[in-house]
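Here is the structure we will look at.
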Amino acid sequence: DMVLGGMRGMTGLLWETSLLDPDEGIRFRGLSIPECQKVLPAAKPGGEPLPEGLLWLLLTGKVPTKEQVDALSKELRSRATIPDHVYKTIDALPVTAHPMTQFTTGVMALQVQSEFSKAYEKGIHKSKYWEPTFEDSLSLIAQVPAVAAYVYRRIYKGGERIPVDDTLDYGGNFAHMLGFDGPEMQELMRLYVTIHSDHEGGNVSAHTGHLVSSALSDPYLSFAAALNGLAGPLHGLANQEVLLWIKSVVAECGENVTTDQLKDYIWKTLNSGKVVPGFGHGVLRKTDPRYMCQREFASKHLPNDPLFQLVSKLFDVVPPILTELGKVKNPWPNVDA
């Protein structure tokens, strides 16, 4: 059963950067999300942590100073230029192609600049493999926000590109390139990128990245393969499924849905053989801390937003129904909710 389920419950990777605790959720180098929010440098006093700070923590195991984070920010900005052929490659796809297809295509188009690939062709000694791998990885991290933002702008905003702002950090710049310049959106992106930076090694995309790179495929090829795993409905696409399901609730019941209407709709979903997306987790046995910190952010910045109020009602209504159903090990919301 374990083998047929895809190594379910079998440890198959060493993963030092993060660990999933069934009760506490994700820990990055031993630090929980609330601890990261406390100790990692922020863009402003009392604000959300900067993703570059978490990257430093993941790579070194140490909490960085603000100066170290600013230096890393500058380094990533210096690597963030996207060659023109990447945009042309994405533009060759129909605008209706799924965003993940367009995103992976953009990453594959970046692969032509791989330092590892060039070094391997020249006969680099294997003791030095890590050096061009590290260079490629940093460049890739620097460039993916611009590629992702372009895919968004192409699908929803007529394809108008917004260049990198040299005064902004990684998360702030991502919001800016998407076309949102409000300070709250910049803070949300800092939080969002930070909490999604790593999630233990056994998940489909992380495992795939390792598997493909074990063939000495360079970081661009490995990451593109990982993204294709992430695009599946049992992995990253779950995020989209939650949003579509919430929209279907609104379409049927309106934005100001009552608790009773919501209960009826949930039972209708379950009785038709479907799941309520955004609830349950393969490992966690309580509410995902990544859900909680986004919930706290929303309570602070947009408490009256109708969709957030609907999501809050789901938090109250769904777990008791799933518990009553009796088959669910974890009825609590996960990060996608």
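The values are calculated or read from the model by the stated rules, or taken from the named source; none is laboratory data. Note that this is a predicted model, so its numbers are computed, not measured. No Cβ is skipped: glycine too gets one built from the backbone with ideal geometry, and neighbour counts run over all protein chains shown. Note: accessible area is taken over every heavy atom of the protein model, side chains too, but ligands, DNA and RNA are not part of it. Shrake-Rupley method; radii C 1.70, N 1.55, O 1.52, S 1.80 Å.
Structural remarks
- Summing Lys and Arg as +1 and Asp and Glu as -1 over all other residues whose Cβ lies under 14 Å from the Cβ of SER114 gives a net charge of -3.
- Taking every alpha-carbon pair under 8 Å whose residues sit at least 6 apart, region 237-325 reaches a relative contact order of 39 percent.
- Fraction of accessible area attributable to carbon and sulfur, region 146-264 (%, probe 1.4 Å): 57 percent
- Value of D in µm² per second that Stokes-Einstein yields for region 237-325, Kirkwood Rh from Cα pairs, at 20 °C (1.002 mPa s): 155 µm²/s
- Span-like helix ranges in the chain, DSSP H, alpha carbon extent 20 angstrom or more, Kyte mean at least 0.0: 130-156, 238-253, 306-325
- Computed on protein heavy atoms with a 1.4 Å probe, the accessible areas place TRP332, TRP245 in the order TRP332, TRP245, largest first.
- Cross-link table LYS62/LYS128; LYS128/LYS286; LYS62/LYS247; LYS38/LYS286; LYS247/LYS286; LYS66/LYS128, entries beyond 32 Å C-alpha to C-alpha: LYS128/LYS286; LYS62/LYS247
- If you take all other residues with their beta carbon under 14 Å from the beta carbon of HIS98, and give Lys and Arg +1 and Asp and Glu -1, the sum is 0.
- Net length available on complete extension from VAL328 to ASP316 is 2.7 nm, with 0.36 nm assigned per residue and the Cα-Cα distance removed.
- Neighbours of GLU255 by Cβ distance under 14 Å: Lys/Arg scored +1, Asp/Glu scored -1, total 0.
- Note on the chain: GNM, Cα springs under 10 Å; of HIS196, HIS281, HIS210, the largest mean-square fluctuation is that of HIS196.
- Where only alpha carbons of region 33-133 are counted, the Rg and the Dmax (Å): 18.1, 49
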